[in-house]
1. Collect the residues in segment 1-57 that are at pLDDT 85 or above and in contact with a helix residue (DSSP H, G or I) (Cβ under 8 Å, 6 or more places away or on another chain), keeping them in residue-number order.
2. Please count how many residues of segment 69-94 are in contact (Cβ under 8 Å) with a residue 12 or more places away in the chain and assigned to a loop (DSSP other than H, G, I, E, B).
3. When you scan segment 133-146, how many residues do you find that are at positive phi and either open to solvent by 70 Å² or more (accessible area, probe 1.4 Å) or not in a loop (DSSP other than H, G, I, E, B) (or both)?
4. Can you confirm whether segment 149-158 contains a residue that is more than 25 Å from Val99 (Cα to Cα), exposed (fewer than 13 other Cβ atoms within 10 Å of the Cβ) and of a type outside the set (A, V, I, L, M)?
5. On the basis of being more than 22 Å from Ala144 (Cα to Cα) and either free of Cβ contacts under 8 Å to residues at least 40 places away in the same chain or open to solvent by 40 Å² or more (accessible area, probe 1.4 Å) (or both), does Ser170 make the cut?
6. Pairs under 8 Å by beta carbon, first residue open to solvent by 70 Å² or more (accessible area, probe 1.4 Å) in segment 105-124, partner of a type in the set (A, V, I, L, M, F, W, C) and modelled with pLDDT of 95 or more, six or more apart or different chains?
Amino acid sequence: MKASLKAKYDADKATAASAVTLAFNAGDVKLRASMTDATVVNGPSLNGLALAVDKPGSFSIDYNVPKKDFRFMFMNTIKVSDKPLNLAYSHSLGDQKTVLDGTLVIDSDNKVSVNHVLGSGNCKFKYTYVHGGITTFEPSYDLAKDSWDFAVSRKVYADHVLRAAYQTSSQNLTVDWATKSKLIGSYKVSANFNLDGGVKVPKVTAESTWDFEM
């Protein structure tokens, strides 16, 4: 059995939140149960409790206990001109939302992704290019907003990644620093700048995750 503990701190709101996830292997299928601090604060409750069953690369079923909402996802990979095309179909019963995702892997450095919400008339396109195995460029286009987003990330040393993403429609710039270690867990610090009307004090959040074998 594997356990994961995740903590998040929002400096802007001066609030902290935590979540715990337990995962069990049952053959090729994984069983997961997760809860947040809302589940135990002020006495045990169903708030923040979620259950899931998934088979990597095949399907995933998530159940939000307090909302009584199911989300189904089915995945498959087919070949297009000898290139793998990863397909995903997801549907949420609560908001009746169906999403189709497709990613064509051209080679180890290039891939193209498309996201479409059925009935919305909108598509999002993203191109990913990895340069030298260190720097990743991700321009994307939102058809409904008629806007471009840009992201670039770079590996710094062995376990550190620095990433910057800019949304042209909202003029939001997000800068992330993340690191992952088997000894001290995973950490990420994010700063969000809204550049509409000039540079303002950023909103800063910090996340940490620890994984355990039980």
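The values are calculated or read from the model by the stated rules, or taken from the named source; none is laboratory data. Not measured: the values here are computed from a predicted model. Positions of Cβ are generated from backbone atoms using ideal geometry, with glycine treated the same way; all protein chains shown enter the neighbour counts. Areas reflect the complete protein model, heavy atoms only, side chains present, ligands, DNA and RNA absent. Shrake-Rupley method; radii C 1.70, N 1.55, O 1.52, S 1.80 Å.
1. Within segment 1-57, Leu49 is the sole residue that qualifies.
2. So the answer is 2.
3. Number of matching residues: 1.
4. The answer is yes, given that some residue of segment 149-158 is more than 25 Å from Val99 (Cα to Cα), exposed (fewer than 13 other Cβ atoms within 10 Å of the Cβ) and of a type outside the set (A, V, I, L, M).
5. Values: more than 22 Å from Ala144 (Cα to Cα): no; either free of Cβ contacts under 8 Å to residues at least 40 places away in the same chain or open to solvent by 40 Å² or more (accessible area, probe 1.4 Å) (or both): yes.
No.
6. Sorted first by the residue in segment 105-124, then by its partner, the pairs are Ser108/Val130; Lys111/Leu104; Lys111/Val105; Leu118/Val99; Leu118/Leu100; Lys124/Val114.
To keep it simple, each residue is scored yes or no on (1) closer than 20 Å to Ser4 by Cβ; (2) acidic (Asp, Glu); (3) open to solvent by less than 50 Å² (accessible area, probe 1.4 Å).
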position: Ser18; (1), (2), (3): yes, no, yes
position: Gly27; (1), (2), (3): no, no, no
position: Leu31; (1), (2), (3): yes, no, no
position: Ala38; (1), (2), (3): yes, no, yes
position: Leu51; (1), (2), (3): yes, no, no
position: Lys68; (1), (2), (3): no, no, no
position: Arg71; (1), (2), (3): yes, no, no
position: Asn76; (1), (2), (3): no, no, no
